[in-house]
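The values are calculated or read from the model by the stated rules, or taken from the named source; none is laboratory data. Treat the numbers as computed from the prediction; the structure is a model and nothing was measured. Quick reminder, even Gly has a Cβ in these numbers, built from the backbone with ideal geometry, and neighbours come from all protein chains shown.
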């Protein structure tokens, strides 16, 4: 009996040991550097399996700035900044925030365009046998607007949110069953592209440019089947990117300028997507 008790204590100790944990129940092991390939695979598979389960095969991707609010939100933000600045007129940070909010106020029109487009996608068809589903990054701004348009039309829609240092939660209009959260930008971008039948890019910053140019590159190089790519707000795009000069310098072909088009309203965007598939009926494959 005296020898049995120490052995029992040893067994209990072993059961609590780190190595004894089942691999798939060991958070420290699963989040280790060596398991990064597994985590990449899991981030790829979880949304893929869910969307297949629900029969989602074709999407319309909407990119754009998280800083574009609707008009009431914009007005409230400007009023808040002014009130804070009134209390501390010398605060330069507040002055800069107010100036930024005032500049962005002119972009509230894009919120309504994205919202209207989300509704149009959700209430119309342009590819026989394929229902298009709105997918965004799932955050605020233009993403919220497109998800909101689909939500208000009573349609399911997708949000591909990502964990950031400055936490970005999902907007309230994403369908709960399609509200995904990513750690890796690369896998998130794969999910934007895999089912995409159209891409719509609203004014935005580094993130929007990154996502847009990835798709342009994939189409240009034949890694992605040709699809309609619509840039909303020609004045903005002409001001920030001189695509014509890229061709002029020879770094892209003049034909590459035909990979995208411009639009100003939700209806114009939808008409261009519909026209593309009427003219290219074979493009509705993979």
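At a glance:
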| item | result |
| --- | --- |
| The one condition in (1) in contact (Cβ under 8 Å) with a residue 60 or more places away in the chain; (2) out of contact with any helix residue (DSSP H, G or I) (no Cβ under 6 Å at 6 or more places or on another chain) that residue 202 fails to fulfil | (2) |
| Options 264, 268: the member that is over 21 Å from the mean Cα position of the chain (by Cα) and at pLDDT 95 or above | 268 |
| Criterion: more than 14 Å from residue 260 (Cα to Cα), modelled with pLDDT of 95 or more and either in a helix (DSSP H, G or I) or assigned by TED's automatic domain parsing to the domain that holds residue 126 (or both) - qualifying residue of 165, 239 | 239 |
| Count of the range 137-148 residues which are surrounded by fewer than 24 Cβ atoms within 10 Å (Cβ to Cβ) and in a loop (DSSP other than H, G, I, E, B) | 2 |
| Some residue of the range 123-136 being in a helix (DSSP H, G or I), buried (at least 17 other Cβ atoms within 10 Å of the Cβ) and in contact with a helix residue (DSSP H, G or I) (Cβ under 9 Å, 6 or more places away or on another chain) | no |
| Residues that are exposed (fewer than 11 other Cβ atoms within 10 Å of the Cβ) and over 26 Å from the mean Cα position of the chain (by Cα), drawn from the range 233-253 | 245, 249, 250, 251 |
| Hey, residue 200 in the same structural domain as residue 51 (by TED's automatic domain parsing), surrounded by 13 or more Cβ atoms within 10 Å (Cβ to Cβ) and part of a strand (DSSP E or B) or not | yes |
